[in-house]
1. Kindly establish whether Phe219 is aromatic (Phe, Trp, Tyr), more than 18 Å from Thr11 (Cβ to Cβ) and surrounded by fewer than 20 Cβ atoms within 10 Å (Cβ to Cβ).
2. Please indicate, with yes or no, whether at least one residue in the stretch 223-238 is in a helix (DSSP H, G or I), closer than 28 Å to Asn286 by Cβ and modelled with pLDDT under 95.
3. When the stretch 127-145 is examined, which residues are found to be touching a residue at least 60 places away in the same chain (Cβ under 8 Å) and either outside the structural domain of Phe20 (by TED's automatic domain parsing) or under 21 Å from Leu214 (Cα atoms) (or both)?
4. Could you check the stretch 269-304 and list, in sequence order, the residues that are over 22 Å from Gln250 (Cβ atoms) and assigned to a helix (DSSP H, G or I)?
5. So, in the stretch 76-130, how many residues would count as being at pLDDT below 50 and small (Gly, Ala, Ser)?
6. If you take the residues in the stretch 36-60 that are free of Cβ contacts under 8 Å to residues at least 60 places away in the same chain and among the polar types (S, T, N, Q), which one is surrounded by the most Cβ atoms within 10 Å (Cβ to Cβ)?
7. Any residue that is in the same structural domain as Ala107 (by TED's automatic domain parsing), exposed (fewer than 14 other Cβ atoms within 10 Å of the Cβ) and modelled with pLDDT of 50 or more - is there at least one of those in the stretch 23-35?
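The values are calculated or read from the model by the stated rules, or taken from the named source; none is laboratory data. This is a predicted model, so every value here is computed, not measured. Glycine also receives a Cβ, built like all others from the backbone with ideal geometry; neighbour counts cover every protein chain displayed.
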Amino acid sequence: MTLWLPPRGETLLARAPVTFATGAAMRVRGKRWFRDTERNDIQGQLAGWPEGPGYTARSAPKATALNTLKGSAIAAVTLAWGALSSQGGSVGGPSGKTGADFSHDRADEVEDFPVIWAAPGTTARTLPWQLDPARSSPDHYRTHAVVTDRRLVIVGFPYVKGHDTFIDDERLWEIQRSEIRSVELRDFKTGNDVKITFADGSWARVSSVKRERLTRYLFEPLDFTPLESLTPAQRETAERFRSAQAPDAQEPLVKRNACGCFRIEVLAPSTVHAFFGHSNLTTVMNADGVELKPTEYHPDDIPT
C-alpha cells in the first residue's frame, strides 16, 4: 500500500472521496458537461483526456413526463409506507435524502449541468479526467481529495471490490490553497455537491459522500491550538485520544470552539478507506480537559 502523504513540515488535514458531480434535475439527470464561458462544450479541448460520452439535455416535455412518472412512483411508495406504519410496523420513512428540492441556480442545475466552467488557459481545464465517472468507472478506479495546510491534491488508485483498504496512490493534480477563491456547498437534490472557484474565475462542481470532511478545512481558518499551549490536563486528554487510535496516528489537531470547548481530531494514514477516505477520529473536551459524551456537546462542538 502506497499512500500519498505530504512531506515533513506540511500538515495533513483531511482526505475524502471526490468525483465530478452528476445532474439530478430530470432534464439533466445522469449527465454532466464541460463548458467554456460561452457555454460551449469543451471536452474535446481538454489536454490528455480520453474520449467520453456526449450528452444532450432532455426536452422539456420529456423531462415533464419523467418527473410525472417519478412522482407517481414516489406517491405509491409513500402510500405503502403509510399503510405499513398504520399497522404498527417499525419502518423508516420513504426518503432519507438531505438535499434541497429547490434550485437557486436553474441555469447550471436544471437547464444545464456544467462540472467544469473554464476559459482557455484557466485552472479548471487542468483537472484530471479520472474525476469523471463516465471515463473512469468507480468500480475499477477511485479518486480522493487530500487537503493539507498548503494545498489541495487529487489522487487516484485502482480499486478491487472487497479490498477497500488497499490503496496505491497516484498523484493526479494539485493546487495551492491561495489559488482557491471560494468553496460553496450546493445542496440541490443530493446534498453532496461542492462548487470550487479558482483565482482565475474558472470553477468545477464536484461531489463527495463525505462532503463535510472534504470542505471543513477549506472553510475553517487553520487556527489550531499548539499542544504546548494546552494545560497539562488538556494535553493529556489529547494525547490519550491519539494513543487509542492506530499506531501511526498523527499529532492531534486541536481547535478551540466558540463555546470554549476543544475539538480533537486525529488522522491515521493506515485507516484510509477506498469509499470513505480517512476515518473521522474526533472527540471534544471541555476547558478542564474532560472528554465529553456526545450528549454533552454544545451546538458549536458539532461540525456543520
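1. Details: aromatic (Phe, Trp, Tyr): yes; more than 18 Å from Thr11 (Cβ to Cβ): no; surrounded by fewer than 20 Cβ atoms within 10 Å (Cβ to Cβ): yes.
In short, no.
2. In the first step, residues of the stretch 223-238 are kept if they are in a helix (DSSP H, G or I); the result is 227-229, 232-238.
Those left that are additionally closer than 28 Å to Asn286 by Cβ: 227-229, 232-238.
Next, from what is left, pick out any that are modelled with pLDDT under 95: none.
No: zero hits.
3. Let us first name the residues in the stretch 127-145 that are touching a residue at least 60 places away in the same chain (Cβ under 8 Å), namely 127, 129, 131-135, 138, 142-145.
Of everything in the stretch 127-145, those that are touching a residue at least 60 places away in the same chain (Cβ under 8 Å) and either outside the structural domain of Phe20 (by TED's automatic domain parsing) or under 21 Å from Leu214 (Cα atoms) (or both) turn out to be Leu127, Trp129, Leu131, Asp132, Pro133, Pro138, Arg142, Thr143, His144, Ala145.
4. To start, the set of residues in the stretch 269-304 that are over 22 Å from Gln250 (Cβ atoms) comprises 286-288, 290, 292-300, 302, 304.
Of everything in the stretch 269-304, those that are over 22 Å from Gln250 (Cβ atoms) and assigned to a helix (DSSP H, G or I) turn out to be Pro294, Thr295, Glu296, Pro299, Asp300.
5. Count: 13.
6. As a first pass, look at the stretch 36-60 and keep what is free of Cβ contacts under 8 Å to residues at least 60 places away in the same chain: 38, 40-41, 43-44, 51, 54-60.
So of that shortlist, the ones also among the polar types (S, T, N, Q) come out as 40, 43, 56, 59.
Details: Asn40: 10, Gln43: 20, Thr56: 8, Ser59: 10.
Checked the stretch 36-60; the qualifying residue surrounded by the most Cβ atoms within 10 Å (Cβ to Cβ) is Gln43.
7. Let us first name the residues in the stretch 23-35 that are in the same structural domain as Ala107 (by TED's automatic domain parsing), namely 23-35.
Going one step further and asking which of them are exposed (fewer than 14 other Cβ atoms within 10 Å of the Cβ), we end up with 30.
Going one step further and asking which of them are modelled with pLDDT of 50 or more, we end up with 30.
Yes: one or more hits.
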